[in-house]
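*Asks:* Please find one structure pasted underneath; my questions will follow.
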Amino acid sequence: MLVAAAATLPQEQDGPAIISLEQALEIALSESPTVKIADMEVERAEFARKGSYAALFPQISASAAYQRTIKKQVMYMGGGDDDEEGGGMSGMLSGLVDPIMFHLQKLYAGTGVPYVEYVPPTTTESSSDGGIEVGRWNTYNAGISAAMPLINAQLWKSLAISGASVDLAVEKARSSRLEMVNQVKQAYFAVLLAKEAHNVYESVYRNAVQNLELTSKKYNASKASELDLARAKTTVANAVPDMFNSENAIFLSLWQLKAVMGIDLDTEIDVKDSLLEYAGDMRPDMLGEDYSLEGNSSLRQLAIQADQLANTVKMQRYGYLPTLSLAFSYSLNAMTNDFKFEQYKWTPYSYVGLSLNIPIFSGGQRHNEIRQTKVQAAELSIQRENAERQLRISIRQCLSTMETAVKSHESALDALESANKAYDIAAKSYEVGRSTLTDLDASRLALTQAQLAASQAVYNYLVAKASLESTIGADYTGETSAK
């Protein structure tokens, strides 16, 4: 990931990579872990949807089993004590079966036709009270079976619900991209604001140093008091922390930008633009527009969930309908007393059939499930109304912030023009000794405040505009922008 991100960064020979806002957005949309996870969720939902269609195809399975009899079952025939005089029913059956089996053995003897040698029942296969042990010691079974639904309305509707799950995952991925774009824009603008503030405080420091040098010369020429010299030194000392703090703010804001972009924090980058260059994007005409929420991702997700619940209610109602399925089975069975596999006689068994299932009574389970889903749908409807109300408020807040920023910027520009003139006059007057150092510091403070106010107004406008675009669903991914 880091290698791919580094490849997309414009590299300078000596120094950090200079990136624009568009490049920062492109890198974030390709390298951000949040976006990658959202894309994986879409892929996972697509696999789940394809897996749900497997229920329409035959479900084929093979099976094999071996069973070893520990104690055979005993079969009793006859009336008990009366049969014991003549050997019981078992003796009678033996007298009838034995001659037939011996005759068959003689017929097959010498013909080459395989047969199983008949062994007359002995006392080991009969119980002491005349019962006959039945079955074989070894039982083998192997087969294949298949089943598939022919008519199942509930299953068909569930496939539509699984398809809506994919749509929901896609919309959630879009929401992640919208949020990512908003975060990158705000982090990028924060860097620009920090740099503007640093430029202002650096200018204040340079002016303070120049004033100290001028005051020192005047003090040496006995044209300035020791108090003025002390004040000049204090002004320089006070300007140093502001300059270092603003420099640290740039460093931290760049870290935040790299974090939301999803690149290595040790990567050296810098921003290309200047905050005041975006002052031309401050459009008062867009403040009176009525923005639609059709593209809002949260409302779209709620709409998809509402469709899912509506289909769920239909699916649960389809549970009252009969279902028809087709089944097929083929198996081979063998029962022996030994392990001579080449002599086993495998008996096939197969069938094909239709199964009709008519639901009659379930104790009210299906009815209560339908009522439960309807309650969920009603809750979702209330959530949607509340979400739409909150989003309308958010849009108005963004527009109000943008309107205030436009007015503040216009006022700050007027103040900045006046503050520049005042400072120039104060500097020249102090140089010729017509004003005091206090007047010069006051004019410098007013100029600094005007510069910071102008930069802050532009920043507030851009951040509010980015939030507005994210709210209405206009983003860098191809939707209509709110520019």
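The values are calculated or read from the model by the stated rules, or taken from the named source; none is laboratory data. Note that the structure is a prediction, hence the values are computed from the model and not measured. Ideal geometry is used to build each Cβ from the backbone, glycine not excepted, and the neighbour counts take in all protein chains shown.
*Asks:* Here is a check on your reading of the model: is Ala387 buried (at least 16 other Cβ atoms within 10 Å of the Cβ) and assigned to a helix (DSSP H, G or I)?
*Replies:* Working: buried (at least 16 other Cβ atoms within 10 Å of the Cβ): yes; assigned to a helix (DSSP H, G or I): yes.
For Ala387, the condition - buried (at least 16 other Cβ atoms within 10 Å of the Cβ) and assigned to a helix (DSSP H, G or I) - is met.
*Asks:* Among the residues of the range 292-331, which ones are over 28 Å from the mean Cα position of the chain (by Cα) and either among the hydroxyl-bearing types (Ser, Thr, Tyr) or under 30 Å from Thr404 (Cβ atoms) (or both)?
*Replies:* Tyr318, Tyr320, Thr323, Ser325, Ser329, Tyr330, Ser331 - these are the residues of the range 292-331 that are over 28 Å from the mean Cα position of the chain (by Cα) and either among the hydroxyl-bearing types (Ser, Thr, Tyr) or under 30 Å from Thr404 (Cβ atoms) (or both).
*Asks:* May I ask you to verify whether Ala457 is part of a helix (DSSP H, G or I), in the same structural domain as Ile304 (by TED's automatic domain parsing) and touching a His at 6+ places or on another chain (Cβ under 7 Å)?
*Replies:* Details: part of a helix (DSSP H, G or I): yes; in the same structural domain as Ile304 (by TED's automatic domain parsing): yes; touching a His at 6+ places or on another chain (Cβ under 7 Å): yes.
The answer is yes for Ala457.
*Asks:* Could you list all residues from the range 204-223 that are of a type outside the set (A, V, I, L, M) and free of Cβ contacts under 8 Å to residues at least 40 places away in the same chain? Talk me through it step by step, then tell me what you get.
*Replies:* Applying the first criterion (of a type outside the set (A, V, I, L, M)) to the range 204-223 yields 205-207, 210-211, 213, 215-220, 222-223.
If the condition is that a residue be of a type outside the set (A, V, I, L, M) and free of Cβ contacts under 8 Å to residues at least 40 places away in the same chain, then Tyr205, Arg206, Gln210, Glu213, Ser216, Lys217, Tyr219, Asn220, Ser222 are the ones that fit.
*Asks:* Can you name the residue in the range 347-364 that is surrounded by 11 or more Cβ atoms within 10 Å (Cβ to Cβ) and outside any strand (DSSP E or B) and, of all such residues, is modelled with the lowest pLDDT?
*Replies:* It comes out as Ser362.
*Asks:* If we keep just the residues of the range 464-483 that are hydroxyl-bearing (Ser, Thr, Tyr) and over 21 Å from the mean Cα position of the chain (by Cα), which is modelled with the lowest pLDDT?
*Replies:* Initial filter on the range 464-483 (hydroxyl-bearing (Ser, Thr, Tyr)): 467, 470-471, 476-477, 480-481.
Next, from what is left, pick out any that are over 21 Å from the mean Cα position of the chain (by Cα): 467, 480-481.
Details: Ser467: 92, Thr480: 39, Ser481: 42.
Restricting to residues being hydroxyl-bearing (Ser, Thr, Tyr) and over 21 Å from the mean Cα position of the chain (by Cα), the top hit is Thr480.
*Asks:* Right, next: Might you check whether a residue that is touching a helix residue (DSSP H, G or I) at 6+ places or on another chain (Cβ under 7 Å), within 26 Å of Ser455 (Cα to Cα), touching a residue at least 60 places away in the same chain (Cβ under 8 Å) and surrounded by fewer than 23 Cβ atoms within 10 Å (Cβ to Cβ) occurs anywhere in the range 158-180?
*Replies:* yes
*Asks:* Out of all the residues in the range 215-245, which are closer than 25 Å to Leu452 by Cβ, of a type outside the set (A, V, I, L, M, F, W, C) and surrounded by fewer than 19 Cβ atoms within 10 Å (Cβ to Cβ)?
*Replies:* Lys233, Thr234, Asn238, Pro241, Asp242, Asn245
*Asks:* Out of everything in the range 39-62 that is touching a helix residue (DSSP H, G or I) at 6+ places or on another chain (Cβ under 7 Å) and hydroxyl-bearing (Ser, Thr, Tyr), what residue ends up being nearest to Ile161 (Cα to Cα)?
*Replies:* Taking the range 39-62 and keeping what is touching a helix residue (DSSP H, G or I) at 6+ places or on another chain (Cβ under 7 Å), we get 39, 41-42, 45-46, 48-49, 52-53, 55.
Among the residues that remain, those that are also hydroxyl-bearing (Ser, Thr, Tyr) are: 52-53.
Working: Ser52: 10, Tyr53: 12 Å.
Checked the range 39-62; the qualifying residue nearest to Ile161 (Cα to Cα) is Ser52.
*Asks:* Return the residue satisfying two criteria in turn: it lies in the range 67-86 and is modelled with pLDDT of 70 or more and loosely packed, with under 10 Cβ neighbours inside 10 Å, and of such residues it is farthest from Gly131 (Cα to Cα). Quick ask: steps written out before the conclusion?
*Replies:* As a first pass, look at the range 67-86 and keep what is modelled with pLDDT of 70 or more: 67-76.
Checking the rest, the ones that are also loosely packed, with under 10 Cβ neighbours inside 10 Å come to 68, 70-71.
Working: Arg68: 21, Ile70: 17, Lys71: 14 Å.
So the residue we want is Arg68.
*Asks:* Of everything in the range 419-441, what is farther than 14 Å from Ser203 by Cβ, in a helix (DSSP H, G or I) and either out of contact with any helix residue (DSSP H, G or I) (no Cβ under 8 Å at 6 or more places or on another chain) or not assigned by TED's automatic domain parsing to the domain that holds Glu277 (or both)? Give them in sequence order.
*Replies:* Lys421, Lys428, Val432
*Asks:* Now a separate question. Select from the range 254-279 the residues that are out of contact with any Leu (no Cβ under 8 Å at 6 or more places or on another chain) and not charged (D, E, K, R) and list them in ascending order.
*Replies:* Hits for the range 254-279 are Leu254, Gln256, Leu257, Val260, Met261, Gly262, Leu265, Leu276, Ala279.
*Asks:* Which of the residues that make up the range 160-214 are small (Gly, Ala, Ser) and more than 30 Å from Leu440 (Cβ to Cβ)? Let's see the steps before the verdict.
*Replies:* Quick first cut of the range 160-214, residues small (Gly, Ala, Ser) only: 160, 162-165, 169, 173, 175-176, 187, 190, 194, 197, 203, 208.
Passing the criteria: Ala160, Ser162, Gly163, Ala164, Ser165, Ala169, Ala173, Ser175, Ser176, Ala187, Ala190.
*Asks:* So, one more: Output the residue which, of all residues in the range 390-406 that are surrounded by fewer than 14 Cβ atoms within 10 Å (Cβ to Cβ) and either under 14 Å from Leu462 (Cα atoms) or among the hydrophobic types (A, V, I, L, M, F, W, C) (or both), is farthest from the chain's Cα centre (by Cα).
*Replies:* By that ranking, first place goes to Ser400.
*Asks:* I want to confirm something. Restricting to the range 271-291 and keeping residues that are more than 34 Å from the chain's Cα centre (by Cα) and outside any helix (DSSP H, G or I), which single residue is farthest from Ile395 (Cα to Cα)?
*Replies:* Ser274
*Asks:* Can you work out which of the residues in the range 398-410 that are touching a residue at least 24 places away in the same chain (Cβ under 8 Å) and polar (S, T, N, Q) is nearest to Asn182 (Cα to Cα)? Steps first, answer last, please.
*Replies:* If we filter the range 398-410 for residues that are touching a residue at least 24 places away in the same chain (Cβ under 8 Å), which is where we start, we get 398-399, 401-406, 408-409.
Among the residues that remain, those that are also polar (S, T, N, Q) are: 401, 404, 408.
Details: Thr401: 16, Thr404: 21, Ser408: 23 Å.
Residue satisfying both the conditions and the ranking: Thr401.
*Asks:* Could you tell me whether Asp424 is more than 26 Å from Ala187 (Cβ to Cβ), among the acidic types (Asp, Glu) and touching a residue at least 12 places away in the same chain (Cβ under 8 Å)? First the steps, then the outcome.
*Replies:* Numbers: more than 26 Å from Ala187 (Cβ to Cβ): yes; among the acidic types (Asp, Glu): yes; touching a residue at least 12 places away in the same chain (Cβ under 8 Å): no.
It is false that Asp424 is more than 26 Å from Ala187 (Cβ to Cβ), among the acidic types (Asp, Glu) and touching a residue at least 12 places away in the same chain (Cβ under 8 Å).
*Asks:* Let me ask another. Go through the residues of the range 374-392 one by one and say whether even a single one is touching a Ser or Thr at 6+ places or on another chain (Cβ under 8 Å) and within 30 Å of Ser455 (Cα to Cα). Explain how you work it out, then say what you get.
*Replies:* From the range 374-392, those touching a Ser or Thr at 6+ places or on another chain (Cβ under 8 Å) are 387, 391; that's our starting set.
Pick out the ones that are also within 30 Å of Ser455 (Cα to Cα) and you get 391.
Scanning the range 374-392 turns up at least one residue that is touching a Ser or Thr at 6+ places or on another chain (Cβ under 8 Å) and within 30 Å of Ser455 (Cα to Cα).
*Asks:* Pick out the one residue from Ser61, Ser145, Ser128 that is among the hydroxyl-bearing types (Ser, Thr, Tyr) and at pLDDT below 85.
*Replies:* Details: Ser61 fails: at pLDDT below 85; Ser145 fails: at pLDDT below 85.
None of the others qualify; the one that does is Ser128.
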